[in-house]
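Written out below as structure tokens is the structure these notes cover.
The values are calculated or read from the model by the stated rules, or taken from the named source; none is laboratory data. Please read these numbers as outputs of a predicted model, since none were measured by experiment. All Cβ positions, glycine included, derive from the backbone under ideal geometry; neighbour counts span all protein chains shown. Side chains included, ligands, DNA and RNA excluded: accessible areas come from the protein's heavy atoms. Shrake-Rupley method; radii C 1.70, N 1.55, O 1.52, S 1.80 Å.
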Amino acid sequence: MSQSLKITPMQERMDRLQELVEFTENCQKQIQDMYDALGWSQDNEQHKEPMELCPYDPGHRVPVRSMERHKASCYLTKMGYSSEEQAEMCDPSPSYTNTSIRSFTMDKSLQNQVILQARAAAPLMKMEGVFWQGHYSYQPVDVPQNHKRAVCDLTVADRLALYDHVIGVLNQEKAVAASGNEELYVDLVSKLKKADEQNEPKTHLELMAEMRDYKRRRQSYRAKNVHITKKSYTEVIREVIQVHSEELARQWKDEHEEEDKEKEDQDEARERTSQRRRLDERRSLSSESRRSHTRHRRSREKSRERESKKKKRKRVSRSPDKHHDSKKKKKKRKDERGRSDST
């Protein structure tokens, strides 16, 4: 009985194994038929693209042709940007190629260095109208890739320091570029006169200046608007937009100044009304105190008058007999005084 129990589980296992082997063989046959229909070979390595590991996530294996695009998206994902935010981002560098617009690229180390320098130059204590060291961030953060992340990760003082640094670097580059074109702003007329006096051979720049002056003296050249025709359509539109923006900025500043003046006038009027109310309240309190004092005095006088009237009434209210007796007594006294005087 025990041997039969041992044999049955072993037989079931062998049956299951045989079913699995048959299933795998069937799957391999189907795959081979599909490869044969497509004309492919399982051992052919020519159709396999070379794969590379992602530097930001070792678990990602990406084809070489799409590695750059994957690295950009994977880097943003590691920084916490969602797919919607990545879809809204765009690389503006191709727009600046073959143009006079200067661009600046900021990395994490440079950003941290600029913030540290600005914080070291800031005062230690709070001062009105000035950023102190508490307004700057102490921990280095990644360079924000959109406006929302810049507002969340960087303080107002940090953003101002980065703006000043970028503007300073671009102005230096502009000054260097202008210094390289100093020859274009040289007074060539004085040089030509000296050259004529000294009979020296003319340089290429001097010859170009003479040709330029000769063309300018022509009537056809004078009739053309050189300051417009020499510029492209985008440059002209850019200047128009700049003029309009400056005018709008001036109007906006004037309106804010007027609003500030109106607010100051309103505040002064409120202070004046509050002072008047205080004075009126004080006067009303003083007048009320005087009135109450006069009322108390009048009430006292009235009470005194009432008491005096009551006393008079009491005197008048005596009986007539008592009054007659008092008169008799007075007469007797007078008579006695007259008798004493006669004796």
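Assorted remarks:
- The one condition in (1) at pLDDT 75 or above; (2) loosely packed, with under 10 Cβ neighbours inside 10 Å that His256 fails to fulfil: (2)
- One residue from Met125, Met67 being more than 18 Å from Leu170 (Cα to Cα), of a type in the set (A, V, I, L, M), part of a helix (DSSP H, G or I) and at pLDDT 80 or above: Met67
- Subset of the stretch 33-64 that is touching a strand residue (DSSP E or B) at 6+ places or on another chain (Cβ under 8 Å), open to solvent by 60 Å² or more (accessible area, probe 1.4 Å) and not in a strand (DSSP E or B) - its residue that is modelled with the highest pLDDT: His60
- The one condition from (1) closer than 30 Å to Thr99 by Cα; (2) of a type outside the set (Asp, Glu); (3) at pLDDT 85 or above that Met208 does not meet is (3).
- Total residues in the stretch 95-122 satisfying the condition of being part of a helix (DSSP H, G or I), under 21 Å from Ala150 (Cα atoms) and not hydrophobic (A, V, I, L, M, F, W, C): the figure is 7.
- Options Lys309, Lys328, Lys261: the member that is surrounded by fewer than 10 Cβ atoms within 10 Å (Cβ to Cβ), modelled with pLDDT of 70 or more and not aliphatic (A, V, I, L, M): Lys328
- Test: residue in the stretch 224-246 that is open to solvent by 100 Å² or more (accessible area, probe 1.4 Å), at pLDDT below 85, closer than 30 Å to Asn98 by Cβ and in a helix (DSSP H, G or I): yes
- Tyr81 vs. criteria surrounded by 10 or more Cβ atoms within 10 Å (Cβ to Cβ), aromatic (Phe, Trp, Tyr) and touching a residue at least 60 places away in the same chain (Cβ under 8 Å): yes
- Test result for Lys148, under 27 Å from Tyr56 (Cβ atoms) and open to solvent by 90 Å² or more (accessible area, probe 1.4 Å): yes
- Enumeration of residues in the stretch 128-147 that are within 18 Å of the chain's Cα centre (by Cα), over 16 Å from Met106 (Cβ atoms) and not in a loop (DSSP other than H, G, I, E, B): Val130, Gly134, His135
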